[in-house]
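Report on the structure given below.
The values are calculated or read from the model by the stated rules, or taken from the named source; none is laboratory data. Values in this document were obtained by computation on a predicted structure and should not be read as measured data. So basically every Cβ, Gly included, is an ideal-geometry build from the backbone, and we count neighbours across all protein chains shown. Just so you know, the surface numbers come from the protein's heavy atoms only, side chains and all, with ligands and any DNA or RNA stripped out. Shrake-Rupley method; radii C 1.70, N 1.55, O 1.52, S 1.80 Å.
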Amino acid sequence: MDEATWLRVLAFAHPVWMLVSLGLAVATARLGLKIRRCRAHGLAVAESLRTRHLRFGKRAIVMITIGFAEGPLSMVFFREREAFDSFHGILGIIVSGLFVWTVWSGRALARGDREARDIHRIAAASAIAVAMLSAIAGFVLLP
């Protein structure tokens, strides 16, 4: 393959990484909703379910953080544009803030602060929703 073909292939690394990250975030949210349903029905939450939710969540956050760093690099080196010179880039900044809020409230929950449940739920839902919007906004940047 020539250099232009490699650059085109590498330009897809960020979108593919972020789609996988978003899928993992959705899987984490589904586990969180199972926990919520258990509580709503007065059932005990299995420790394995809580552990899986935390494990998936931590992995999703690491992947999202790496993907957030990949985005500006991809814009500069593979698309020859300014790092945040798009609606997608601005949404990426918002999404990262929402995921930080999700992590912050999740840590509070893990430490026993039950009042953080609603905040965590709203932050996670908002982060995933805006991430999906950001993914759609990123279509115009694909090579």
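Would you be able to say whether some residue in region 63-72 is modelled with pLDDT of 95 or more and of a type in the set (S, T, N, Q)?
Looking for residues that are modelled with pLDDT of 95 or more and of a type in the set (S, T, N, Q), one finds at least one in region 63-72, hence yes.
Does at least one position in region 34-55 carry a residue that is within 19 Å of the chain's Cα centre (by Cα) and under 24 Å from Ile136 (Cβ atoms)?
Within region 34-55, none of the residues are within 19 Å of the chain's Cα centre (by Cα) and under 24 Å from Ile136 (Cβ atoms).
Could you give every pair whose Cβ atoms fall below 7 Å, whose first residue belongs to region 10-26 and is modelled with pLDDT under 95, and whose second residue is part of a helix (DSSP H, G or I) and of a type outside the set (Ser, Thr, Tyr), counting only separations of at least 6 or pairs across chains?
Leu10/Phe78; Ala11/Phe78; Ala13/Glu70; His14/Gly67; His14/Glu70; His14/Gly71; Pro15/Gly138
Among the residues that make up region 58-75, is at least one of them without any contact (Cβ under 8 Å) to a residue 12 or more places away in the chain, assigned to a helix (DSSP H, G or I) and of a type in the set (D, E, K, R)?
yes
Return the only residue of Gly106, Gly138, Gly89 being open to solvent by less than 50 Å² (accessible area, probe 1.4 Å), within 19 Å of Ala29 (Cα to Cα) and within 18 Å of the chain's Cα centre (by Cα).
Gly106
State yes or no: is Val76 surrounded by 15 or more Cβ atoms within 10 Å (Cβ to Cβ) and either more than 19 Å from Val26 (Cβ to Cβ) or among the β-branched types (Val, Ile, Thr) (or both)?
When the stated conditions are applied, Val76 does not pass them.
Criterion first (assigned to a helix (DSSP H, G or I) and open to solvent by 80 Å² or more (accessible area, probe 1.4 Å)) does Arg81 satisfy it?
The answer is no for Arg81.
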